[in-house]
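Any read-out appearing in this document is the output of simple, stated calculations on the displayed coordinates, not a laboratory observation. Given the structure is predicted, the values throughout are model-derived calculations rather than measurements. Using ideal geometry, Cβ is built from the backbone for each residue, glycine included, and neighbour counts are taken over all protein chains shown.
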Amino acid sequence: MLEEAGFSTVVLASVRAQAEKVRPPRALWTSAVLGRPVGEPDDPAFQHRVLRAALALLERPDGPVILEDFPEDPPGLRDTPGWQPPPVPAWSPEQSPAGWAAAVATELKALRPAWEAARHHRGRTSVGLSFQPPEAWPDFLRGALSGELASVPPLETPALAQRFLCDDIKAYYGEAAQAASPAPSHRQLDGWFWRQTAAGAALIALRDVALASNNSALRTVGGRFFVPVPWLPSPV
Amino acid sequence: MARIEDIPQPTRDAVLSVPCPQYDTTPFVPGKPLRERRIAILSSAALVRRGDKPFPFGSGECRFLPAGLDTADLLVSHVSINFDRAGFQRDVNVVYPIDRLRELAAQGAIGGVADTHYTVMGSTDPAAMGDSVAQIAGQLRQERIDSVLLSPV
């Protein structure tokens, strides 16, 4: 649409099949993980190579519809050998809302030094969408698991408050787990969070509560946007 | 992952079955050498400044990102949870490569970096984005920018 308006565009395409269907004027496909269009975090040299290859397409005269493949895989695409997740206290899979809240509170406390270290090292955190500090998360989670429909201004609805709480919890754990080098692959990180932490299990439980709610927005948002589909428990 | 075999099921099937817009025309705007072009970024990550409201689900709006914005305050508010956030947690540039573009400009590889960049919510019907395209085009013209790097998550 921007090209139609008179501008030259180039897209970093993550899914080649989609680029083949949409046929943008210029696209560079990369094998990077979905969500990392420029490739490898903390690797400026790799990112420069991706960007130089993409921007070079702007000088090509042989369009429209140029689709090139970037030849390198990001170094972090595959699992990191020997990566060990940060230790978290043991937890029980059968929990009341208060039990989940206590288990998550214990984990948050255990992970806090790593999260603070990551925050200090990077000078930033991607926690912040829930409009609640980490100290408030366990009690809000307890209420949500109990079926309470609280909202957190400026998020207007319980569905949004719960959705962005999920995002913040995942961000906190992700930053804590990536505080030390070498960092895990995205698969290792997801596997740890969704299968080994109380928070991951609590969010799966929260999804079940949302799906049983009388609040239709919460049913929709909880069903689709709390737990990534690949990490939903297998049907018994 | 964006090798299709690297995307776990059932997300893989969902990605492949996403309706893709089809266009009757294939516009192609040539231009100056790269060394003379200033580049703007358009990210589909629904980036928001800390403290701002997230993008509404399905919103066709766009938001402007001044080049001087502190990237430490950027958060991803995209509706989908089926793409990785861990890379962004470590390095904003995997989504919004503002530092890398500045470095390429300093190296002389590109002419410069735009004063304004743009973000929209991906997973949105492009038909809902007509006003946003007009807003972006207006700002690009005002800044005399002719080239845009599209960075979809």
Estimated vicinal HN-Hα couplings, Hz - region A:204-209 in sequence order (Karplus 6.51, -1.76, 1.60; Gly, Pro = x) = 5, 5, 5, 4, 4, 5
Computed [θ] at 222 nm, deg cm²/dmol, chain B (DSSP H ≥ 4; -39,500 (n - 2.57); rounded to nearest 500) | -6000 deg cm²/dmol
Determine, for A:Leu12, A:Leu111, the number of other Cβ atoms within 10 Å of each Cβ, and report the residues in order from fewest to most.
-> A:Leu111, A:Leu12
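If we count other beta carbons within 10 Å of each Cβ, what is the order of A:Trp83, A:Trp115, fewest first?
A:Trp83, A:Trp115
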So what's the gap between the Cα centers of region A:27-89 and region B:48-114, to the nearest angstrom?
-> 16
Region B:38-151 shape via C-alpha gyration tensor axes, a/c threshold 1.5 = oblate
Take chain A, connect every pair of alpha-carbon atoms lying under 10 Å apart with a spring to form a Gaussian network, then pick out the residue of A:Gln47, A:Gln132, A:Gln84 with the largest mean-square fluctuation.
-> A:Gln47
Taking other Cβ within 10 Å of each residue's Cβ, how do A:Arg207, A:Arg187, A:Arg112 sort, fewest first?
-> A:Arg112, A:Arg187, A:Arg207
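Classify region A:11-77 as rounded, prolate or oblate from the Cα gyration tensor: take a ≥ b ≥ c as the square roots of its eigenvalues, call it rounded if a/c is under 1.5, otherwise prolate when a/b beats b/c and oblate if not.
oblate
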At 0.36 nm per residue, minus the direct Cα-Cα distance, what do A:His120 and A:Glu148 gain on full extension? Give it in nm, one decimal, please.
-> 6.6 nm
Averaged over the residues of A:49-59, the number of partner chain Cβ atoms within 10 Å of each residue's own Cβ comes to 5
Once phi is turned into ³J(HN,Hα) by the Karplus curve 6.51 cos²θ - 1.76 cosθ + 1.60 with θ = phi - 60°, what whole-Hz value does each residue of region A:4-19 show in order, with x for glycine and proline?
-> 4, 7, x, 10, 7, 10, 9, 10, 8, 8, 8, 10, 4, 4, 6, 4
Given H placed 1.01 Å from N in the peptide plane, which residues other than close sequence neighbours of A:Val227 have an amide H under 5 Å from its amide H?
-> none
Starting from the Cα of A:Glu94, step 7 Å along the direction of its Cβ; do the same at A:Asn215; then give the gap between the two resulting points in nm.
-> 2.9
For labels at A:Ala45 and B:Glu36 in the simple 7 Å Cα→Cβ model, what's the distance in nm?
-> 3.3
Evaluate E = 1/(1 + (r/R0)^6) for A:Glu4 and A:Ala102, where r is the Cβ-Cβ distance and R0 equals 41 Å; express this FRET efficiency to the nearest 0.05.
-> 0.15
Note, ³J(HN,Hα) from phi for region A:34-44, Karplus 6.51, -1.76, 1.60, rounded to Hz, x at Gly and Pro | 4, x, 10, x, 8, x, 10, x, 6, 9, x
Classify chain A as rounded, prolate or oblate from the Cα gyration tensor: take a ≥ b ≥ c as the square roots of its eigenvalues, call it rounded if a/c is under 1.5, otherwise prolate when a/b beats b/c and oblate if not.
-> prolate
How far apart, in nm, are two points set 7 Å out from the Cα along the Cα-to-Cβ line at B:Gln9 and at A:Asp79?
-> 2.0
Given a Förster radius of 41 Å and the C-beta distance between B:Ser17 and B:Gln107 as r, what FRET efficiency does 1/(1 + (r/R0)^6) yield to the nearest 0.05?
-> 0.50
Hey, quick one: spin label on B:Asp125, modelled 7 Å out along Cα-Cβ, who in region A:142-162 has an amide N within reach, i.e. under 11 Å?
-> none
